[in-house]
1. So which helices (runs of 4 or more DSSP H) stay within segment 818-918 end to end and still have 2 or more residues that are of a type in the set (A, V, I, L, M, F, W, C), modelled with pLDDT under 95 and under 30 Å from residue 607 (Cβ atoms)?
2. Of the conditions (1) more than 25 Å from residue 758 (Cα to Cα); (2) over 18 Å from the mean Cα position of the chain (by Cα), residue 663 clears all except one; give me its number.
3. Could you check residue 513 against (1) among the hydroxyl-bearing types (Ser, Thr, Tyr); (2) surrounded by fewer than 17 Cβ atoms within 10 Å (Cβ to Cβ); (3) touching a residue at least 60 places away in the same chain (Cβ under 8 Å) and say which number it fails?
4. In the list 706, 718, which residue meets the criterion of being assigned by TED's automatic domain parsing to the domain that holds residue 308 and buried (at least 24 other Cβ atoms within 10 Å of the Cβ)?
5. Count, please, the residues in segment 604-644 that happen to be at pLDDT 85 or above and part of a helix (DSSP H, G or I).
6. Residue 693 versus (1) buried (at least 23 other Cβ atoms within 10 Å of the Cβ); (2) closer than 19 Å to residue 812 by Cα: which is the lone unmet condition?
7. With respect to residue 339, is the statement that it is hydroxyl-bearing (Ser, Thr, Tyr), outside any helix (DSSP H, G or I) and either surrounded by 24 or more Cβ atoms within 10 Å (Cβ to Cβ) or touching a Cys at 6+ places or on another chain (Cβ under 7 Å) (or both) true?
8. For segment 478-499, enumerate the residues that are surrounded by 14 or more Cβ atoms within 10 Å (Cβ to Cβ) and free of Cβ contacts under 8 Å to residues at least 60 places away in the same chain.
Amino acid sequence: MAVEEAAPPDDSWHALDPGQALARLHADQQGLDPEEAAGRLHAHGPNALPPPRQVPGWHRLLRQFNDPLILFLLAAAVLSALLGHLVDAGVIAAVVVVNAVVGVVQEGRAEQALSALRSMLAPSARVLRAGHRATVAVETLVPGDVLLLEAGDRVPADARVLRARGLRVDESVLTGESVPADKQVEAVPVEAELGSRASMLYSGTLVATGQAVALVVATGPCTRIGRIGTLLGQVETLTTPLLRQIARFGRAFTAFALVSAVALLLFAVVVRDYAWLDALMVVVALAVGVVPESLPAVITITLAMGVRRMAARNAIVRRLPAVETLGATTVICSDKTGTLTRNEMTARSVATAAGRVEADGSGYAPEGRLRAHDGGDTALAAAQRVARIGLLCNDAQLRAGEDGWRVDGDPMEGALLALAGKAGFDAAAVRSAHPRLDEVPFDAAHRFMATLHADAEGPGALVCVKGAPEQVLALSTAQVGADGAGTALGTAAWRAAIDAAGADGQRVLGFAYRRLDQVPARFELDDIQGLVFAGIVGFIDPPREEAIRAVADCRRAGIAVKMITGDHAATAAAIAAQLRLADEVRVVTGQELDGVPDADLPALALQASVFARTTPEHKLRIVRALQSRGHTVAMTGDGVNDAPSLKQADIGIAMGHKGTEAAKEASQMVLADDNFASIAAAVHEGRAIHDNIRKVIAWTLPTNGGEALAVLLALLFGWLLPMTPAQILWINMVLTVSLGLSLAFEPPERGVMSRPPRRRDAPLVSPFMLWRIVLVSVLFSLAAFAMFGWAQARGHDIETARTMVVNTFCVLEIFYLFAVRYLHGTSFSLRGLRGTPAVLWAVGAVVVAQLGFTYLPWMHALFDSRPLPLPEGMAIVATGVALLVVLELEKWLLRRLDVFAELRTVAGSAATQGEATA
C-alpha cells in the first residue's frame, strides 16, 4: 500500500479533520494491521533520533595541540628539560595536558545534548493494531498507528487527536507555556502557531489530564523534537571571547618570539662573537623567561576560583571559559516562566457587576486580603461570592511545606484556593457545608468544569461552574447585580472586562452558579444552563521581586534584557512592563518574525524587548541576529525547544529545577534556583574574574618583559649580562607562578556593575595595558642596570652585582603586584596595602626563596649567587617602594587627564551597543 509522507511539506495536520488525516495516511480508527505496520517501519525507519556522528578520541586529542601558543609552550618545555630545568618543563607540560583533556571533554557536549533529546521518548506505547490493544516498543511506531493515551503518559510521536476527553497536555518543553494546553478534536486554522494547535500532540510532551485516541502522523527525525535535534546538530559551538583573545594573542606572540629569538641568536654569534653554545643558552633562557608559560595555568585557576564563587550564588558552570564570558555579556535573552516570573499562578483581580477587586500577595499562600478597586464593601461581597464558587468547583489541594505553599493539582485551581483564603474562607468548612454530589469534569469540547453540591440554604442543589469566560457567558441567562440580586445579563460589558484583563496579560476564567429545586438523579450537561453569571477572575504568573532588581542592575551595567517566550503576546508584554525591561516595551510575535528577512532581523532584534509565541527556529534566528551586530549573547532556557539557541549563544544558561537534560547538556551554565537574579550575580562575578585575568596579564607580561629587555640591551650594546641564564630561569620559576597566581584570589573592585560591558572584539592586550607593559618593562630594566652599575661602583664583584639584580627584580615584582591589584583605583589605602591572604602567602614564599638564593651555600653553587650586606638589601627594597610611588602617580595622572585607554574603549563599546540597551 502506498503511504503518504509522515509530515506534509506544509505541516498542516492540525488543519485537517480526523477523517482527512486518516485518509491521507490510509489508516482507520481500528489501527494498522501488524503486517502493514511492519512495512511502514521498513519504509520510514524507527521512531528514534539518529545518533550523532562519532569523532575518534585520538582525533579529538590531537586537535587540542593545533594551537601556536601550545606548540610554543611544548617547545619551551623541551628546551627547559634539555637545560635541566625540569620543574619549569613539568609545569608547562602539565598545563598543556590539562588544556587538552578539558578540550576533549568539551567537544563531547553536542553528542550528550543529542543523547538527552533521544531520552525524551517514552520506552513503550499503547496502540490499536487491527482493532486490538497492544503495547509496543516506541521505536516501532509508524505513521498511521492509533495511540491510546491517558494522564501521566509521555507522548511518543507527533499525533493528530481523534478523540479526547478532558485532555490537557504539558507542552512546556516545546512552547514554554506555564499552563497545560487544552486539546480538542476540531481542526484549527492552518496558520495557527505551535502553541495554538489544539488538535495536535507532540512527541516528548506529557499528558496532564484526560484521555485521548490519536493518529501518529510523524515519527523519529520528522517529529518536532526530531527537527530540533537536527537543528541542534547543525549549530557549531562558539568559542568564548577569552578563548578567541588568547588564540589571537598566542599566534601574534609566538610569531614575534620565534623571529626575535632567531634574530637575537644570529646577532649574538655574528656581531658579538658569542660561542654558539653560549649564545643558544642565553637565547633559550631568555625565551623561556619571556614566554608567559604560567599564564594559561593562572587563567585556568582564576576561572576555577570564579566557578566556586558562582556555585555559592546558585550558578553552576559546566565549562570554565563560560565564567569569563559572562563579564562580556551585552544582551541577555531570558525565558519568562519561572526565570523572570515565580512560575506560580496568582489570582490577581476579580471583576463583578459591583466593581473590581484586587488580591494582595503572590503564589499559593492563602494569606493576604482583597482590596476594592471600586465599589467598596459591595464589590468585596461580590468578589467573595466568586471566590466561594472557585473554592467549590475545584479539585486541587494546597499544602504548606518548608519551602512555602505548593499546590497538588492544576496551578489555576491552586490560585483559586489561595484567593478563597484571602477572601476569608476556611476551605474545609465551606466544602463540609456544601458536600460535592457529582461533577462534570473539564473537557476541551465544552471548555468548562461544573460541580453539583448539596445546598446548605435549602433542600435543592447548588451548581458551580468555572471555565472559559465566553463559554460560561453563553450558558448564562442572568447575572448577579450590584445589590446581590439577579439582573439581566450585560454580555457586552462582560466582554469588555474580559478584553481589559487580557490586555493586562491576565488569563481569565468565568464563574457562574445555579440553584436547583431538587437534586437531579443524574448530573448531565443539560443541567448546566440558565446560569447566573457571578464574575471573572484574572490570573497572572507574577514577576520575581529579585528579578525586577536584577533587570535594573543589568540595565545600569549596559546589558540589555530581552524576553523570549512561547507565551501569549499580551501576557509577555504585561510582565515585561512590570519588570521594566525597557522604557518602551515593544513586542514581536513569532508570526511577525516569519515575515522578516534575515537581513532586516538584526535591527528588529535590537529594538524589540519581547518575542512572544516563538519556535526553536525563531530563538536561533534572534540569537544569531544579535551576534551579527557584535553582541555577546547569554541565553536562558529550560525546554527541548531551547537547546539549539542555548548552544548557539555565547553562553547558554539552563534551568536546574525545571530544565530538561537536553537544555542542560547544550548549555555552559545551569542555574540551581532557576532565578534571573542569579544570572545578574553571575555577571558580577564574570566581570570580577575578567578583571583578575587582566591583572594577571598586566603583571606577567611586564615582569617577563623587564627581564628580557635587560638581557636584550646588554647583548645589543655589548655590556656584561646583568643575569646568567640560570638566574633568569630562577626568577621565572620562583616568581611567575607564585605571585601571579595570588591575583586569582582577588576580590572584585568597587563599581564592577557600574561599567558598561567591554567590546566583543576587544584585544587581550588593551592600549592602556600595552602602555603599562612598555612602561614597567623599561622601569624594570633601568632599575636593573642602575643597581648593577651601583654595585660595581661600590666595589662588588660581578657575582654579587648579579645577585643584587636578581633580588631587585624580585622586589620590583612584589611591589608591582600591589600596584596592579587595583586597575581602576589607587593602591594607597589600608585595604590595598594590607593585601589578601593569598597575596601575603605568595610574598612570604618569595621572600623565603630569595633569602635562600642569597645566603645558602648550596644555592651559591647552583646559581653563582653571593650573600648581600644589609645596606645593599635596604637599597633594593627602596627601589621597590619608588616603583610603587611612580606607578600610583601614573594612574592618578591618567585619570586626571582623562586618557585612561580602557575607558575610551568601553565608551566606544557603549556607544555602539546603546541601541540594545535603549
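The values are calculated or read from the model by the stated rules, or taken from the named source; none is laboratory data. Fair warning: this is a prediction, and the values are worked out from it, not measured in the lab. Here the Cβ positions follow ideal geometry from the backbone for every residue, glycine too, while neighbour counts run over all protein chains shown.
1. Working: elements: 830-834, 837-855, 857-863, 870-897, 901-917.
So the answer is 901-917.
2. Among (1) more than 25 Å from residue 758 (Cα to Cα); (2) over 18 Å from the mean Cα position of the chain (by Cα), the lone unmet condition for residue 663 is (2).
3. Among (1) among the hydroxyl-bearing types (Ser, Thr, Tyr); (2) surrounded by fewer than 17 Cβ atoms within 10 Å (Cβ to Cβ); (3) touching a residue at least 60 places away in the same chain (Cβ under 8 Å), residue 513 violates only (2).
4. Details: 718 fails: buried (at least 24 other Cβ atoms within 10 Å of the Cβ).
Testing whether each residue is assigned by TED's automatic domain parsing to the domain that holds residue 308 and buried (at least 24 other Cβ atoms within 10 Å of the Cβ) leaves just 706.
5. 15
6. (2)
7. Numbers: hydroxyl-bearing (Ser, Thr, Tyr): yes; outside any helix (DSSP H, G or I): yes; either surrounded by 24 or more Cβ atoms within 10 Å (Cβ to Cβ) or touching a Cys at 6+ places or on another chain (Cβ under 7 Å) (or both): yes.
Here the answer is yes, as residue 339 does meet what is asked.
8. Scanning segment 478-499 gives 478, 489, 491, 494, 498.
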